[in-house]
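The values are calculated or read from the model by the stated rules, or taken from the named source; none is laboratory data. All figures in this text were calculated on a predicted structure; none of them were measured in a lab. Cβ: placed from backbone, ideal geometry, glycine included. Neighbour counts: every protein chain shown. In case anyone asks, the SASA skips ligands and DNA or RNA and just uses the protein heavy atoms, side chains included. Shrake-Rupley method; radii C 1.70, N 1.55, O 1.52, S 1.80 Å.
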Amino acid sequence: MAAPPPADALGLRPLTARSVVLSLLLGSHPPEHPVRELVRIAELFDISEQTLRVALTRMVAAGDLLRAEGTYRLSDRLVQRQRRQDEAIHPRTRDWDGGWEMLAVTVTGRSAADRAALRTRLSELRLAELREGLWLRPANLDRVLPPELDDLVRKFTARPEGEPEALANGLWDLDGWARTGAALLDRLQAADRPAERFTLAAATVRHLLADPVLPTALLPPHWPAGELRAAYGDYQEELVALGRAGRAGG
């Protein structure tokens, strides 16, 4: 049996007051909580009230949060992030007929920062780059591409020759994604300490954001995405329940 990936390969990050606040609000609908709830939950992770309030002040100053009458909510920018996260947990798919989405970048003369931002956006849309400026994926996602891409790319529907499984494996490291996903799932299901569960759950949602959400026919055996989504959903319910308990006890 292969050794599990090391912790750094799982994308684990240190627990901070900011990360606790963001995870709680990103998983809440609507994305807002009174400060007393945030204080109580942070204490479960050994984060003091003073540390939390400093983090909240900095997040408001940075434009991450909005504050009104003792309640903090996500800014519009982070509400967009919440929507992307929700889509990662519950992607909308349709039956695949063998067609592929293909986007060719047509704009030229952009700065390096603008080119990098476009690459990031296309990756977030679960497209992969076949060669510079040419992005594609199976057309199995039930979605409409954002209109801001209209002036930057040309869109096509294609049916590549050859085996689609080989093309998919060339575009994404599917075996690597599955190994890391299985390791995260095992660790999250076995963890019982709040801080450890939190850091593993946060790494899980980041991993799901990188799931290409391919048709089943193109996936390797034992693809763990469904189980990962269920495990992360269970954890989010835990966090929401903590908030409700704080509200009832307040």
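Observations on the model:
- The residues on offer are ARG67, ARG40, ARG81, ARG77, and the sole one that is over 19 Å from the mean Cα position of the chain (by Cα), part of a helix (DSSP H, G or I) and charged (D, E, K, R) is ARG40.
- Among the residues of this structure, ARG67 does not count as one that is more than 27 Å from HIS207 (Cβ to Cβ), out of contact with any helix residue (DSSP H, G or I) (no Cβ under 7 Å at 6 or more places or on another chain), free of Cβ contacts under 8 Å to residues at least 24 places away in the same chain and surrounded by 13 or more Cβ atoms within 10 Å (Cβ to Cβ).
- Applying the criterion of being of a type in the set (Val, Ile, Thr) and under 27 Å from GLU161 (Cα atoms) to the residues of the range 75-119, the residue that is least open to solvent (accessible area, probe 1.4 Å) is VAL105.
- Among the numbered conditions (1) modelled with pLDDT of 95 or more; (2) farther than 30 Å from ARG110 by Cα; (3) not in a helix (DSSP H, G or I), the only one that TRP135 does not meet is (2).
- Every residue from the range 84-119 that is closer than 18 Å to PRO147 by Cβ and under 19 Å from the mean Cα position of the chain (by Cα): ARG84, GLU87, ALA117, LEU118
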